[in-house]
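Q: I'd like to ask some things about the structure below.
The values are calculated or read from the model by the stated rules, or taken from the named source; none is laboratory data. Quick caveat: nothing in here was measured; it's all calculated off a predicted structure. Here the Cβ positions follow ideal geometry from the backbone for every residue, glycine too, while neighbour counts run over all protein chains shown. Quick note on the areas: whole protein, heavy atoms, side chains included, nothing else; ligands and nucleic acids left out. Shrake-Rupley method; radii C 1.70, N 1.55, O 1.52, S 1.80 Å.
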Amino acid sequence: MEKKILTKYIDDPNQVNIDTYLSHGGYKALEKALKEMKPPEVIEEVKKSGVRGRGGAGFPAGVKWGFIPKDNPKPRYLVCNGDESEPGTCKDRVLMESDPHGVVEGMAISSYAIGSHLAFIYIRGEFAYPARMMEKAVEEAYEKGYLGKNILGTGYDLDMIVHTGGGAYICGEESSQLNSIEGERGMSRMRPPFPAVAGLYACPTIVNNVETLAAVPFIINNGGDWYASMGTEKSNGTKLFSLSGHVKNPGNYELELGTPLSVLINDLGGGMLDGHKLKAIIPGGSSTPMLLPDQIDVKLDYESLAEAGSMLGSGAVIVIDERTCMIWVAERLIHFYRHESCGKCTPCRDGTGWLEQLISRIERGEGKPGDIEKIESLCGNIMGRTVCPLGDAAVMPIESSIKLFRDEWEYHIQNKKCMVKSEFAFK
Amino acid sequence: MSDDNNNINLTIDGQQVSVPRGTTVLEAARSIGIEIPTFCWHPKLKPAGACRICYVEIEKARTLMVSCATEVGPDMVVQTASEKVLQGRKAVLEFILMNHPLDCPTCDKGGECDLQNLTFKHGVDDSRFDFKKYRHIRDKNSTFDDLRIGPEIIRNQNRCILCYKCVRANKDIFGEQDLGAYQRGNITEINTPPGEQVDSLYSGNLVEICPVGALTNTDWRYKIRVWNTQTVDSVCSYCADGCNLTLWKNKQKVYRATSRRNDNIDEGWICDVGRYGYQVPMTEDRLTTPLIKKGDAQVPATWEEALGLISEKFKKIKDERGGVCIGGLISPNLDSLSLHTFSKFFRKILNSNNVDFRAGYKMLPEKSDDLYSKLTSLPFKIADIEKSDLIFVLDSDLTKEHPIVNLRVRKAITQKNASLFALNPIATQTGGLATDEMVYNIGALHALLNGLCVSLIDQNLTQYENASDLKNRLSPNTIEKASNISGIEVARINSLAKVIAEAKNISLIAGELLTSAINREELAGAIINLCLLAGIFDKGQVGVLSQAANSKGAEKLAVMPHLSERSILKLKQIWDNYPDNDGLALDQMIRSSIKEELDSMFIIGSNLMLEYPDGAVVKEGLEKLDFLVVADICETETTQLADVVLPLSTWVEYESSFVNLEGVEQKFNAAIKPIGFSLPAYQIINKISQGLKTPLFEMIDELIPEIKTLLQPDENQNSFETCAIEYIEEKQNPEFEIPLLVSNELHHFGYYTEKSNSLSSFCSEAFLEISPGLAEKLDVKEGSIVRVESEIGKINLPVKISEYIDNDVVRAYRNFSASPVNILQMRKRNVDRVKLTVVEGT
Amino acid sequence: MILNEKSVAEIKKKMVRYPRRKSAILPAITVAYRQVGHLNGELYREVSQIIEIPVIDIATAASFYTMFPKEPVGKYLIQVCHNISCALLGADSLIGYLEEKLGIKKGETTEDDMFTLISVECLGGCTAAPMMQINDEFYENLTREKVDKILEDLRNKA
Ligand SMILES: Cc1cc2nc3c(=O)[nH]c(=O)nc-3n(C[C@H](O)[C@H](O)[C@H](O)COP(=O)(O)O)c2cc1C
Ligand code: SF4
Ligand code: FES
């Protein structure tokens, strides 16, 4: 069922203390990397492991590290992305607040691998507690000589800064995040140049998700092959899934990639809440297309979910039952994306605004014939035409909702009311 | 298809094109005449890729690409007008129009709005958007949702399409900090920081680059529709930078001035003085007829009467006492035809060298200042500043004196990573970008320059052969002495010397304080030494920047009594005779008038009573004259003293040229006919000359060849020698210890601009700028009134506390007729000094 | 000066860690917000003085980040997540319940300036929905009893 690797000790309240972390074999991987491996060897090992970006895009980490130009004399930076703002997602938070040293160690090894001497962890501003835990871990690591000058006598120097955000989902997007760290407004940047070439302060920069980097110590300890032996052929290792919505036991679960969705929802999640019928599943965070009940056996890995017409995304599985109006869901989501658009490019800035107005009027029972077609055409005018993928993120769930529940959308317009009224009382 | 490594071949709409690597698809397309619409793109700004209107289709690319931000690639195949592109473009327009108000009929931008034009072109509308348009409401009762964000600028956020051009230009090009984007997403708005306003010298450009009517200015607003105007090519008549302008006129009225991009000079930016300065000619109180003094009143007269009287008087003086008893002063803001006619009238007709243009200067030399004029005749190009890795500014508050040169310096620093060093008696805005801006004790520049020379020699950083010899001649100057006198640490002087020696390409720029200084000949000498020691003549350019629109022209056209040999030769070339008498410089004219040796003065376009840095003396001088003729565009403190006043036309009323600080002659055209019965100066002069039975020309064009010859750039001059001139400290009266600087206020130039409503809206009254430290000492706050008292005069001024002044120097402004500060100044003192006493408001 | 010595010291301490001073903007306004409870032009000017960055850069950046209220709020800022995971488990009725208990509408502040109630986007508490954040603390798996107790405790604390 669960395969607890990154999350092995998260239930131990002392894991946040460096002594406990050390007693669990902590910082061995860092020591091994610094003392026994050259940076390229570390990158090789991570390539071998096949670990892919856990922040949403799923790009192989080792490959990305390889993009840093060898000949560029500028300093290099590592940025650990702990912005975690994708609705439904709260897995990085668990790692940061319950096993912060794991994150620090992963960041340290990765920094060494890419030749960085200053690493940032960007934590969303609302995560005050996780940020405190990370601050504490960083301090302890400095005291014990796992950070700072001449780490473990190897001559390698690394400083680490915990940088907190101010409430902006877009600052999870890597280029905006770099602007945010630079003290600019968190507006997305055009690519090229990619961060690996010109990122933070226009220097080569690697941005990786917290979970991605947290996996690195295990890869170094047990070898890339060991990691690659888990999961499927193309989707290696384990992944954290945030299970939320209408299930009995919501929570974060670490699974081997390729585990069927049904295992997560029914076996681990204990099935549907109060025995209601399943209506839809958002499998990878609010930006991913929805799945239907008959797809519940789909395997949770990058390829299978793509085949199923959706994405693994950040691994946030949102379970929606029969009592839910899909237009109501769509309204929540589009409101979010409109609110979070940085405002740089026209299609995202104005398109999300228009979509929100259309969808909420339908939800209010004031929809007009043709609204659905209009929404579809607007989505088409946003998809793939924006500076950063937020535009796509905004339209994918809407498009899929219309595709899968068109009759419900039409009903809503014709009858000026919901097919099922979503009224969820809190206990 | 193969590319050589710096050129890329690609296909756009079926056409082959080869462009340099790094070119954007947009620029490549334009280079072969294919237009792609843009909103957020601007030729002088980094691409933002924000508006998305410039989509193109590129083979093998999954999605539409923004051409403004996509670099060309080998064998790229680009479609700029495919189905998909047009669809994408329409979609963007539809998004932009969604919340864009349909107030074109009441919008000032109507008729010249990029959005309006593109919308018509693509037949897009906002009809699919059936919601109420979003309003950024400021004032619940206003239907226009206007917000005034500066003295001139009004913002209507509803119309803003968030191209961010204003914000980007303001920050990246002008380096200003008064406009930014606030909030985010679809409620983003363009605004000032809380409690501040957009009042920089460049603010008008923001309005000009706004593609829609989101930023408009009071100047043009609701006055006329753009399609009812015609445009005329013109040139700015204020400072010496020589920005190119387009004047927008209808019948006898000019409605606005905008930039006419010239990449050699202004790159499409102009300062507010140039933009709003056209309002001066448009003022109500222009002189429209001649006036003749009858008793103590000046009564309107015809040109016949006025000219008759003048020629009679001039003839009498000429015949009885000689033309040398008439003195001539003409403003360097006047055109080349007029300057030359003036000089020709005095030299050829009156056989006198009493011509001058240097009203605002300190004591003028009584012989030709050869070193100085040699230095000023060196070639200097604004655009070449970009080529320098070191920019070295001497005695210039560039932003105030040369706004456009300042932008070029900024560009060199921020975009071409040049470094800036400055020597100024007061911290400057430009200095903010400097690696080291050395604020020295006022008056110590000469000592400091000598110190630099010694430092170059002592650190043996010089290849100059006669260095050691110069060293001896320079003693007793030492670095230590320079340091003591200037207050700049020895280490800083030495490191500056090092930087200068090591730089590959230097632009040395000297400004107003130096050009108008008494000891400018000595300073010129010191600069020449420095250039020789550091090899600057061979590795860069030296710009001793002239001040007014045609000061350079005045120098080259020899509107001065004492000329270098070469100028005299030139004049002898074009004229058969040249007066062999020694002419009077302005100071001498005033003094001889007081001594009753000079009978008459002929002044054109200069308000000596305010400009001459010795208010009391000049008054006496002018009053003592038997016969004073003044031509000007409005009544001034000086015309009031005249026996005959003549109405002068302004540069928007005739056709001629200015010579900018680079020595480039730039033609300007007439936008309107002369106002009232006013005439261009060259015609006034010629009519007077005709009165003396000696017309200067039938057709003005006859003078053009002469002017051409005089404006010829001087053939290579690199025949410089060192000249050791010892620094002499100026004695001062201990009772008056605070140095006083007098300059143009940021939004003003000379004494005319207070007549421009727009410029007055930025600043309309004189004030005294003092340092926070001094304010504390005196226990005064912003707005307190102090009495400013010098050995010869006093005046009350409100204080303004400025972070730019960090020493006990005070600065006053010469642009306000209500409080003339020249009564404090002493022509023979290099540094004016005053004492302050608080009158009210501690 | 609104910022107290502690805040100023903290800002300076954070500032020096960065390769470029401008990076200190977000940390600095966060410190200011934690002390004052909201941000305003005066604070921007103070921060500008401390980190030597133009006011405009601070003001424009601050306005981008919605976590910081731009005008005064109650002692306790109650931020209820209204995004999807919480909504599915009754976020709306939670907001209704709070409105009722506090006698204010969403977006308002109680007479005694004790509580301000707003709803916000996903806070990353999705697996423990419904949830809310009060000042810096998260309160999760909320039930009526829990909410009653939380408000109770906060009142007593004040
Ligand atoms: C709108 C948007 C929001 C994002 N938010 C996050 C986030 O909160 N955390 C994260 O790790 N990645 C986020 N990403 C993905 C990042 O841009 C980036 O791909 C990722 O951090 C790279 O790390 P990884 O390769 O380890 O996944 C977001 C992307 C977009 C377009
Ligand atoms: S005000 Fe004008 S220039 Fe500035 S962003 Fe808006 S549209 Fe662009
Ligand atoms: S002009 Fe290309 S995106 Fe605006």
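Q: Which whole-Hz ³J(HN,Hα) couplings does segment A:320-334 yield from phi under the Karplus relation 6.51 cos²θ - 1.76 cosθ + 1.60, θ = phi - 60°, glycine and proline marked x?
A: 10, 9, 4, 6, 9, 7, 5, 6, 4, 4, 4, 5, 3, 5, 5
Q: Mind pulling the angle between the C-alpha long axis of helix B:403-415 and the longest principal axis of chain B? Nearest 10 degrees, somewhere in 0 to 90.
A: Value to nearest ten degrees: 50.
Q: Along the charge dipole of segment C:10-96, pointing to its positive end and built from +1/-1 on Cβ of Lys, Arg, Asp and Glu, which listed residue (C:S93, C:I25, C:A61) has its Cα farthest out?
A: Final value for the positive-end residue is C:I25.
Q: Calculate, for A:K8 and A:N415, the FRET efficiency according to 1/(1 + (r/R0)^6) with r their C-beta to C-beta distance and R0 51 Å; round to the nearest 0.05. Working shown, then result.
A: Numbers: r = 52 Å, r/R0 = 1.02.
Once the sixth-power term is evaluated, E becomes 0.45.
Q: Given a Förster distance of 22 Å, report the FRET efficiency between A:S229 and A:S23 from their Cβ-Cβ distance, rounded to the nearest 0.05.
A: Working: r = 27 Å, r/R0 = 1.22.
After rounding, the FRET efficiency stands at 0.25.
Q: At 7 Å along Cα-to-Cβ for each site, give me the label-to-label distance between A:A202 and B:S127 in nm.
A: 4.9 nm
Q: Within segment B:706-804, list the trypsin sites (Lys or Arg not before Pro) lying in a DSSP loop whose Cβ has at most 13 other Cβ atoms in a 10 Å radius.
A: On the way: sites: B:K708, B:K731, B:K755, B:K777, B:K781, B:R787, B:K794, B:K800; in loops: B:K731, B:K781.
Of the trypsin sites (Lys or Arg not before Pro), the ones in loops of segment B:706-804 whose Cβ has at most 13 other Cβ atoms within 10 Å are B:K731, B:K781.
Q: Taking amide H positions as placed in the peptide plane 1.01 Å from N, state which residues far from B:G327 in sequence (5 or more) or on other chains have amide H under 5 Å from it.
A: The answer is B:S600, B:M601, B:F602.
Q: So, one more: Roughly how many percent of the accessible protein surface of segment C:65-158 is carbon and sulfur, given a 1.4 Å probe and a whole-percent answer? Mind dumping the intermediate values first?
A: Details: 1850 of 3790 Å².
Using a 1.4 Å probe with all protein chains present, segment C:65-158 comes out at 49 percent carbon and sulfur.
Q: By its C-alpha gyration tensor, with a ≥ b ≥ c as the square roots of the eigenvalues, how is the protein assembly as shown shaped: rounded for a/c under 1.5, else prolate for a/b larger than b/c, else oblate? Could you put the intermediate results ahead of the total?
A: Working: a/c = 2.33, a/b = 1.96, b/c = 1.19.
It comes out prolate by the Cα gyration axes.
Q: Additional query: Per residue of A:166-175, what is the mean number of Cβ atoms on other protein chains within 10 angstrom of that residue's Cβ?
A: Numbers: counts 14, 9, 7, 3, 3, 3, 0, 0, 0, 0.
For peptide A:166-175, the averaged partner shielding equals 4.
Q: Which value, in Å², gives the accessible area per residue of the protein assembly as shown when a 1.4 Å probe is used on the protein heavy atoms?
A: Values: 51690 Å² over 1427 residues.
Each residue of the protein assembly as shown exposes 36 Å² on average to a 1.4 Å probe.
Q: Over chain B, what is the mean sequence separation of C-alpha contacts under 8 Å (at least six apart), divided by residue count, expressed as relative contact order in percent? Could you put the intermediate results ahead of the total?
A: On the way: 1783 pairs, mean separation 110.9, N = 842.
Answer for chain B is 13 percent.
Q: Oh, and also: Which of the peptides B:129-137, B:817-825, B:735-743, C:54-62 is most tightly packed, and how do the rest follow, going by the mean number of other Cβ atoms within 10 Å of each residue?
A: On the way: B:129-137: 14.2, B:817-825: 20.7, B:735-743: 17.0, C:54-62: 23.6.
Result, highest mean Cβ count within 10 Å first: C:54-62, B:817-825, B:735-743, B:129-137.
Q: Test of the criteria: in segment A:231-318, which GluC sites (Glu not before Pro) are in a DSSP loop and have at most 16 other Cβ atoms within 10 angstrom of their Cβ?
A: Passing both the DSSP loop test and the Cβ count: A:E233.
Q: May I ask which of B:K708/B:K755; B:K249/B:K708; C:K22/C:K70; A:K136/C:K149; A:K38/B:K387; B:K251/B:K800 have a Cα-Cα span longer than 32 Å here? Can you show the working numbers first?
A: Working: B:K708/B:K755 34 Å; B:K249/B:K708 30 Å; C:K22/C:K70 21 Å; A:K136/C:K149 30 Å; A:K38/B:K387 44 Å; B:K251/B:K800 42 Å.
Beyond 32 Å between Cα atoms: B:K708/B:K755; A:K38/B:K387; B:K251/B:K800.
Q: Order of A:2-11, B:622-631, A:310-319 by packing, highest average Cβ count within 10 Å first? Write down the numbers at each step before the final one.
A: Working: A:2-11: 17.6, B:622-631: 21.4, A:310-319: 27.5.
Highest-to-lowest ranking by the protection proxy: A:310-319, B:622-631, A:2-11.
Q: Whenever you get a sec, compute what percent of the accessible area on segment A:186-323 sits on carbon and sulfur atoms (1.4 Å probe).
A: Numbers: 2260 of 4030 Å².
Carbon-and-sulfur percentage of accessible area, whole number: 56.
Q: Would you mind checking the tilt of helix B:565-574 against the longest principal axis of the Cα atoms of chain B, expressed as 0 to 90 degrees and rounded to 10?
A: 80 degrees
Q: Okay, next question. Grab the other residues whose beta carbon is less than 10 angstrom from that of A:S287, score K and R as +1, D and E as -1, and report the net. Spell out each step's value before the answer.
A: Working: positive: none; negative: A:E86, A:D392.
Net charge around A:S287: -2.
Q: Hey, another quick one. Going by the alpha-carbon gyration tensor, a ≥ b ≥ c the square roots of its eigenvalues, is segment A:150-289 rounded (a/c under 1.5) or, if a/c is not under 1.5, prolate (a/b greater than b/c) versus oblate?
A: Numbers: a/c = 2.40, a/b = 1.47, b/c = 1.63.
Here segment A:150-289 falls in the oblate category.
Q: Output the antiparallel fraction of DSSP beta bridges having both residues in the protein assembly as shown, as a percent to the nearest 5. Don't skip to the end; give the middle numbers.
A: Numbers: 82 of 154 bridges.
Counting DSSP beta bridges with both partners in the protein assembly as shown, the antiparallel share is about 55 percent.
Q: Could you work out the mean count of beta carbons from other protein chains within 10 Å of each residue's beta carbon in C:13-21? Display every interim value, and only then the final one.
A: Working: counts 0, 3, 0, 0, 7, 8, 9, 5, 1.
The mean count of partner-chain Cβ atoms within 10 Å per residue comes to 4.
Q: What spacing in nm lies between the two simple spin-label points modelled at A:N150 and C:T110, each 7 Å away from Cα in the Cβ direction?
A: Taking the simple label geometry, A:N150 and C:T110 are separated by 5.7 nm.
Q: Within segment B:295-354, what whole-number % of the accessible surface is contributed by carbon and sulfur, with the 1.4 Å probe and all protein chains included in the calculation? Before the final figure, lay out the partial values.
A: Working: 1130 of 2170 Å².
That fraction is 52 percent.
Q: Tell me the total accessible area that B and C bury against each other, 1.4 angstrom probe, in square angstrom rounded to 100. Write out the running numbers ahead of the final one.
A: Details: alone 33200 and 9070 Å², together 41310 Å².
Summing both sides, the interface buries roughly 1000 Å².
Q: If each DSSP helix of 4+ residues adds -39,500 (n - 2.57) and the sum is divided by the residues in the protein assembly as shown, what number results at 222 nm, nearest 500 deg cm²/dmol?
A: Working: 48 runs with 482 residues, N = 1427.
Helices in the protein assembly as shown give a 222 nm mean residue ellipticity of -10000 deg cm²/dmol.
Q: Counting only protein heavy atoms and rolling a 1.4 Å probe, how much accessible area do C and A lose on contact, total for both sides, in Å² to 100?
A: Numbers: alone 9070 and 17190 Å², together 21990 Å².
By this definition, chains C and A bury close to 4300 Å².
Q: Then there's this: Just going by the charge dipole of the protein assembly as shown, with Lys and Arg at +1 and Asp and Glu at -1 on Cβ, which of B:G360, B:S657, B:V454 is farthest out on the positive end?
A: The listed residue farthest towards the positive side: B:S657.
Q: What do you get for the angle between helix B:445-458 and the principal long axis of chain B? Use alpha-carbon atoms, 0 to 90 degrees, nearest ten.
A: With both axes taken from Cα atoms, the answer is about 80 degrees.
Q: Related question: No other cysteine beta carbon under 4.7 Å away is the test; run it over chain A and list who passes.
A: Those would be A:C80, A:C90, A:C171, A:C203, A:C342, A:C345, A:C348, A:C379, A:C388, since no other cysteine Cβ in chain A comes under 4.7 Å of theirs.
Q: A follow-up question, please. Would you please name the GluC sites (Glu not before Pro) within segment B:438-542 that are DSSP coil residues with at most 13 other C-beta atoms within 10 Å of their C-beta?
A: Working: sites: B:E465, B:E480, B:E489, B:E502, B:E512, B:E521, B:E522; in loops: B:E465, B:E489.
Those satisfying the criteria are B:E465, B:E489.
Q: From the phi of every residue in segment B:349-356, what ³J(HN,Hα) in whole Hz does the Karplus formula 6.51 cos²θ - 1.76 cosθ + 1.60 yield, where θ is phi - 60° and glycine or proline is x?
A: Listing the rounded values in order: 8, 8, 6, 9, 9, 6, 10, 8 Hz.
Q: If you plug each phi of segment B:826-832 into the Karplus form 6.51 cos²θ - 1.76 cosθ + 1.60 with θ = phi - 60°, what whole-Hz ³J(HN,Hα) values come out, in order, with x for Gly and Pro?
A: For segment B:826-832, the Karplus-derived couplings read 10, 4, 8, 9, 5, 10, 6 Hz, x marking Gly and Pro.
Q: Given the pairs A:K70/B:K60; A:K374/B:K84; B:K374/B:K552; A:K4/A:K234, which are separated by over 23 angstrom at their Cα positions?
A: Working: A:K70/B:K60 29 Å; A:K374/B:K84 18 Å; B:K374/B:K552 13 Å; A:K4/A:K234 20 Å.
The answer is A:K70/B:K60.
Q: Residues of segment C:27-66 that become at least 50 Å² less accessible with every protein chain present than in their own chain isolated, using 1.4 Å: which are they?
A: C:I56, C:T60, C:S63, C:F64, C:Y65, C:T66
Q: Still on this model: With the Cα gyration tensor of segment B:592-744 giving a ≥ b ≥ c as the square roots of its eigenvalues, does the rule (a/c under 1.5 for rounded; else a/b larger than b/c for prolate; else oblate) give rounded, prolate or oblate?
A: oblate
Q: So if R0 is 45 Å, what FRET efficiency would A:A306 and B:R148 give, r being the distance between their Cβ atoms, rounded to the nearest 0.05? Intermediate values should be presented prior to the final figure.
A: Values: r = 54 Å, r/R0 = 1.21.
FRET efficiency, A:A306 to B:R148: 0.25.
Q: In debye, nearest 20: dipole of segment A:33-96 around its Cα centre with unit charges on the Cβ of K, R (+) and D, E (-)?
A: Details: 12 positive and 9 negative charges, 30 e Å.
Rounded to the nearest 20 debye, it is 140 debye.
Q: Let me ask another. Of the peptides B:167-178, A:344-355, B:362-373, how do they stack up when ordered by the mean number of other Cβ atoms within 10 Å, highest first? Each step should come with its number before you reach the end.
A: Details: B:167-178: 20.0, A:344-355: 28.1, B:362-373: 18.4.
Listed from highest to lowest mean packing, they are A:344-355, B:167-178, B:362-373.
Q: Taking amide H atoms as placed 1.01 Å from N in the peptide plane, list the residues 5 or more away in sequence, or in a different chain, whose amide H sits under 5 Å from that of B:F720.
A: Amide H neighbours of B:F720, under 5 Å, 5+ apart: none.
Q: List the aspartates and glutamates whose Cα lies under 16 Å from the Cα of B:K731, skipping any in the same chain that are fewer than 8 positions away.
A: Within the straight-line cut-off, B:K731 pairs with B:E791, B:D832.
Q: Across the residues of A:125-135, average count of Cβ atoms on other protein chains within 10 Å? Present the calculation step by step, with values, prior to reporting the outcome.
A: Values: counts 8, 12, 5, 7, 3, 2, 2, 1, 0, 0, 0.
Mean shielding by partner chains, rounded to a whole number: 4.
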